[in-house]
Amino acid sequence: MKDVIQIGMRSIGVGRRVFIIAEAGVNHNGDLKQALELVDAAAAAGADAVKFQTFAADRLVTRLSPKAKYQRETTDLKESQYAMLKKLELSPEAHRELKLRAEKHDMVFLSTPFDPESADLLDSLGVQAFKLGSGELTDRPLLEHIARKDRPTILSTGMSTMAEVQEAVLTLHEAGLSEIALLHCVSAYPAPVDDVNLRAMHTLRKRFGVPVGYSDHTQGIRVAVLAVAAGADIIEKHLTLDRTLSGPDHRMSLEPKEFTAMVRDIRDAEKILGNGNKQVMQSEANTKAVARKSVVALVDIKKGRPLTREMLGIRRPGLGIQPSELESLIGRKLDRDVPAGSSLYPEWLV
């Protein structure tokens, strides 16, 4: 497996620019116009990718499948999960339009397939990568089906034990896939801050040696930015045009202005984290010259006179010979007269 993967023109891994996915998901409410607006909003916010969900309700749930608690809280209680999902399906033509719109913005188009036929549709569209949700982590046939398509695959790991993650990664790898990334995730909507556990990203990276990131279901932008500081290579966050809309995921999504602020703060966090090299920064140069010390003349020193310890001191500014060289100057001579208070420079020594 690889510690850096390539999705289109984007390299993803340690030391690379954080790959930000705007999870449009099903926040289009089944309306293509609204879905296209989500693509535009993701691009305007500065996301690297926009992601939808590809499924057919008949292949995803039974007609008796109950809704999750958060879905019951945000949708019609009388409506079944099947009926809810049926309204949120996107046609193959809609997928093509969304992909073209994303590419017009130089964004990566992603969509999460929930079954092999959905994966085949995305494959036929020429998607640059697959993104699998946490619910599919234990779906071995689907994992094998997608792995055989040999496209970079990002896998969310919500609701999972380390043993389950290991089994999923092994399944993908044994089916021939080498470009895998793992997203730590808490599959609660919204996710409680106490459950976030960002250090799990380090555990995943250490165990599998692949790019890691965080799929964020908390409210607000704070945790996503902290995840970058904690080492995330990828951030996935839900985007909605209006958080008050009816639908299962709007409530814990960011509106466009908030998503823009998150992207800005993530890019600032990258700059703040830097490259890890300990070095003198350009912004420090003036302060260094003023705050550091150097060897200075405590008295007027005549040209050619042997230097003694009493003649020399250590004072600001730090423009001349370094304090560590003081003792080596004893007995040396200068090629000019130097007034008291002046810094001494190496080129003056004879």
Quiz item: Given a cut-off of under 8 Å on Cα pairs at least six residues apart, what relative contact order in percent is computed for the chain?
Solution: 16
Quiz item: Can you give the Kirkwood hydrodynamic radius of segment 133-172 from its Cα pairs, in Å with one decimal?
Solution: 10.1
Self-check item: Rounded to 5, the percent of DSSP beta bridges in the chain classed as antiparallel
Solution: 25
Self-check item: Ranking by accessible area, most exposed first, for SER91, SER283, SER118 with a 1.4 Å probe
Solution: SER283, SER91, SER118
Quiz item: In the P(r) worked out for segment 189-277, what percent of Cα pairs fall beyond 16 Å?
Solution: 56
Quiz item: What angle, in degrees between 0 and 90 and rounded to the nearest 10, separates the Cα long axis of helix 116-125 from the longest principal axis of the Cα atoms of the chain?
Solution: 60
Quiz item: Counting other Cβ atoms within 10 Å of each Cβ, which GluC sites (Glu not before Pro) in segment 62-94 have at most 12 and sit in a DSSP loop?
Solution: none
Practice problem: For the chain, give the percent of accessible area contributed by carbon and sulfur heavy atoms, probe 1.4 Å, rounded to a whole number. | Solution: 51
Quiz prompt | Whole-number accessible area per residue in Å² for the chain, which is evaluated in the context of all protein chains at 1.4 Å | solution = 48
Practice problem: May I ask you to evaluate 6.51 cos²θ - 1.76 cosθ + 1.60, the Karplus curve with θ = phi - 60°, for each residue of segment 239-253 and list the ³J(HN,Hα) values in order in whole Hz, giving x for glycine and proline? | Solution: 10, 9, 7, 7, 5, 8, 5, 6, x, x, 10, 4, 4, 9, 9
Quiz item: Cα axis of helix 162-174 to longest principal axis of the chain: angle in degrees, 0 to 90, nearest 10?
Solution: 80
Self-check item: Crossing angle, helix 32-45 versus the chain [Cα axis fit, 0-90 degrees, rounded to tens]
Solution: 10
Self-check item: Model label zone, ASP337; criterion: amide N under 18 Å from point 7 Å along Cα-to-beta-carbon; scope segment 286-301
Solution: 297-301
Self-check item: Linear extension gain, LEU125 paired with GLU167, 0.36 nm per residue minus alpha-carbon span
Solution: 12.2 nm
Quiz item: How large is the Kirkwood hydrodynamic radius of the chain, in angstrom, based on all distinct alpha carbon pairs?
Solution: 23.3
Quiz item: Could you state the principal axis extents of the C-alpha atoms in segment 255-336, from the largest down, to the nearest angstrom?
Solution: 75, 21, 19
Exercise. Estimate the FRET efficiency between LYS288 and LYS104 by the formula 1/(1 + (r/R0)^6), using the beta-carbon distance for r and 35 Å for R0, to the nearest 0.05.
Key: 0.15
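The values are calculated or read from the model by the stated rules, or taken from the named source; none is laboratory data. Since the model is a prediction, treat every value here as computed from it, not as a measurement. As a convention, Cβ positions derive from the backbone with ideal geometry for all residues, glycine included, and neighbour counts pool all protein chains shown. Protein only, heavy atoms only, side chains kept; ligands, DNA and RNA dropped before computing areas. Shrake-Rupley method; radii C 1.70, N 1.55, O 1.52, S 1.80 Å.
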